[in-house]
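Asks: Please read through the structure below; I'll follow up with questions.
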Amino acid sequence: MSNLDAGVQVRNPRTGLNDRPLEAPSHEELVALTSRLRANQKRWQDAGPTHRAEVLLRWRDALIAHKDELAQALTEDTGRRTESSIEVQVSVDGLKRWAGQVVELLDEETIQQTTMPGVSVAPSIRPYPLVGIISPWNFPLLLALIDAIPALAAGCAVIIKPSEITPRFLAPLEKTLIDVPEIGEVVGLIEGAGETGAALIPLVDLVCFTGSVETGRIVAENAARNFIPASLELGGKDPAIVLPGANLDRAVPGILWGATANSGQSCLSIERVYIHESLHDEFVSRISPMASALGVNYPDLEGRGIGPMIAEDQIATIQSHLEDAYAKGAVATAGGELKILGGGAYLEPTILTNVNHSMKVMTEETFGPIIPVMKFTSDEEVLSLANDTIYGLSAAIFGDEERAKKLGRQIDAGAVSINDAALTGVMHEGEKQAFKLSGIGGSRMGKISIRRFYRRQSLLINSSTGRDPWWWPEG
Ligand code: ADP
């Protein structure tokens, strides 16, 4: 039995060293695990939402008990500390939220009478038995559990395959499954890269994928071949628009945060800024020193500043976006140069001016802490620039609320933050779907996101005592 993805090594983003082999299952082990999860799922489903809510709360306690180990492993995976603790906290909060609302959400509707005399409908919810979760490296725990928790609440079993770049957090997460055996029976955790991910899809009933457009397309094709639904959350090139008269006291720190949190390695990062010409110079002169002061989180992991590039491939992408921008006339007013420090790759928060849409940094996903700033003169112009993208994940607008709302309704993206940036990263209420190549499937936010994990079934019951079949002519 040979393991899938044999020979893949895991790199440490702070040292640049490959210091751990990936440990993916063999195909036979994967089949055995998915069969076991499927067998256990039936009991989980039948136990009902009240029981599941109670177990989810116990899983939450287990996550809290192991929170330091989880945050430590996530820090080794990603090279940054603050976001690691936030990931654990968001997951802990997610468990509480879903436990608190699942009973009401899955409350089976009562029998409905129909327009046909004597015929009633008894609806029910049938969870997909086994959900496969293929997750990325930028928020390894958060982006695995954001789908796993509502899937479990709905009554599904789940199998999670995180990115091969960040598998270390699985060990402490496994301990939480041992603490709560009911969860351990319906959650499978596996390491693996592309080969394992591809092998998993034919073995599940629904796949939730978060990652690149390129791999998302392969996953969607594989899912389609197997006739299973795919919920895809892919890349973004989120614009921030600063309208004339906008309050720069809010826009400057909001955009800096929205573009550099997690070193810009979030699908919902602000990746380009359009600023009204009347505010351009003031905006640049205020954001540049603030970006420089933020700096990078090296050598002291506990200190301030943004962390290293997590994935090795990103180093070349960021370098090529910077070189392309400089060759076409862009000017850095803060940061601007990738540095290798102690083996890790860091980019100080970078502000670029003199940019335009001939540059990769304005049109391709960078996934780094770069803020290119471009002037505009009219609302029509900025709308066409904002929509000039293959992506449609989210956007931000700063300025007069009415004008911002009017523009926001014309932006082709699922969520538009107004007078703030990247709000979908810190809240979960607003229902939204991805536009264009940013994804496909139901909303991942809001209570309705649980609907992705079940099918509706109706029993159509004829209780009449009249003639049957009543629709046939008499005689
Ligand atoms: P990135 O997040 O670096 O852009 P990907 O989109 O390729 O990378 O990876 C996201 C997730 O998809 C990871 O868990 C990765 O292992 C997985 N993956 C990569 N290739 C495939 C594939 N062919 N089928 C299924 N999953 C894959």
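Asks: Looking at ILE160, ILE183 in this structure, which one is within 16 Å of the ligand (Cβ to nearest atom), modelled with pLDDT of 95 or more and within 24 Å of the chain's Cα centre (by Cα)?
Replies: That would be ILE160, the only listed residue that is within 16 Å of the ligand (Cβ to nearest atom), modelled with pLDDT of 95 or more and within 24 Å of the chain's Cα centre (by Cα).
Conditions tested, residue by residue: (1) charged (D, E, K, R); (2) open to solvent by less than 10 Å² (accessible area, probe 1.4 Å); (3) out of contact with any Phe, Trp or Tyr (no Cβ under 8 Å at 6 or more places or on another chain).
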site	(1), (2), (3)
GLY329	no, no, yes
LYS339	yes, no, no
GLY342	no, no, no
LEU347	no, yes, yes
GLU365	yes, no, no
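Asks: Same structure, new question: What strands (runs of 3 or more DSSP E), lying completely within the range 203-313, carry at least 2 residues that are away from the ligand (no atom under 16 Å from the Cβ) and surrounded by 20 or more Cβ atoms within 10 Å (Cβ to Cβ)?
Replies: Of the strands (runs of 3 or more DSSP E) lying wholly inside the range 203-313, those with at least 2 residues that are away from the ligand (no atom under 16 Å from the Cβ) and surrounded by 20 or more Cβ atoms within 10 Å (Cβ to Cβ) span 238-242, 270-276.
Asks: Then there's this: Among the candidates LEU95, LEU130, single out the residue that is in contact with a Cys (Cβ under 9 Å, 6 or more places away or on another chain) and among the hydrophobic types (A, V, I, L, M, F, W, C).
Replies: LEU130
Asks: Next question. Collect the residues in the range 191-202 that are of a type outside the set (Gly, Ala, Ser), buried (at least 21 other Cβ atoms within 10 Å of the Cβ) and over 21 Å from PRO127 (Cβ atoms), keeping them in residue-number order.
Replies: Selection gives GLU191, THR196.
Asks: Just a yes or no: is a residue in the range 355-371 within 19 Å of GLY245 (Cβ to Cβ), outside any helix (DSSP H, G or I) and modelled with pLDDT of 95 or more?
Replies: No, there is no match, as no residue in the range 355-371 is within 19 Å of GLY245 (Cβ to Cβ), outside any helix (DSSP H, G or I) and modelled with pLDDT of 95 or more.
Asks: Can you name the number of the only condition in (1) part of a helix (DSSP H, G or I); (2) open to solvent by 30 Å² or more (accessible area, probe 1.4 Å); (3) more than 16 Å from the ligand (Cβ to nearest atom) that ALA316 fails?
Replies: (3)
Asks: For ALA151, state whether it is within 30 Å of ASN222 (Cα to Cα) and at pLDDT 95 or above.
Replies: Yes.
Asks: Check the range 28-42 and report whether any residue there is in contact with a Ser or Thr (Cβ under 9 Å, 6 or more places away or on another chain) and either open to solvent by 30 Å² or more (accessible area, probe 1.4 Å) or within 15 Å of LEU189 (Cα to Cα) (or both).
Replies: The answer is yes, given that some residue of the range 28-42 is in contact with a Ser or Thr (Cβ under 9 Å, 6 or more places away or on another chain) and either open to solvent by 30 Å² or more (accessible area, probe 1.4 Å) or within 15 Å of LEU189 (Cα to Cα) (or both).
Asks: Considering each residue of the range 168-180, count those that are open to solvent by less than 60 Å² (accessible area, probe 1.4 Å) and away from the ligand (no atom under 16 Å from the Cβ), and give that number.
Replies: Looking only at that region, the number is 4.
Asks: A further question follows. May I ask you to verify whether ILE165 is within 12 Å of the ligand (Cβ to nearest atom), modelled with pLDDT of 95 or more and within 27 Å of VAL103 (Cα to Cα)?
Replies: So ILE165 does not fit the description; no.
Asks: How many of the residues making up the range 437-465 are in a strand (DSSP E or B), farther than 23 Å from GLY235 by Cα and small (Gly, Ala, Ser)?
Replies: Looking only at that region, the number is 1.
Asks: Right, another one. I'd like the full set of residues that are out of contact with any Gly (no Cβ under 6 Å at 6 or more places or on another chain) and buried (at least 17 other Cβ atoms within 10 Å of the Cβ), limited to the range 429-439.
Replies: Listed by number, the residues that qualify are LEU437, GLY439.
The values are calculated or read from the model by the stated rules, or taken from the named source; none is laboratory data. Given the structure is predicted, the values throughout are model-derived calculations rather than measurements. Note that each Cβ is placed from the backbone with ideal geometry, even for glycine, and that neighbours are counted across all protein chains shown. What goes into the accessible areas is simple: the full protein's heavy atoms, side chains included, and nothing from ligands, DNA or RNA. Shrake-Rupley method; radii C 1.70, N 1.55, O 1.52, S 1.80 Å.
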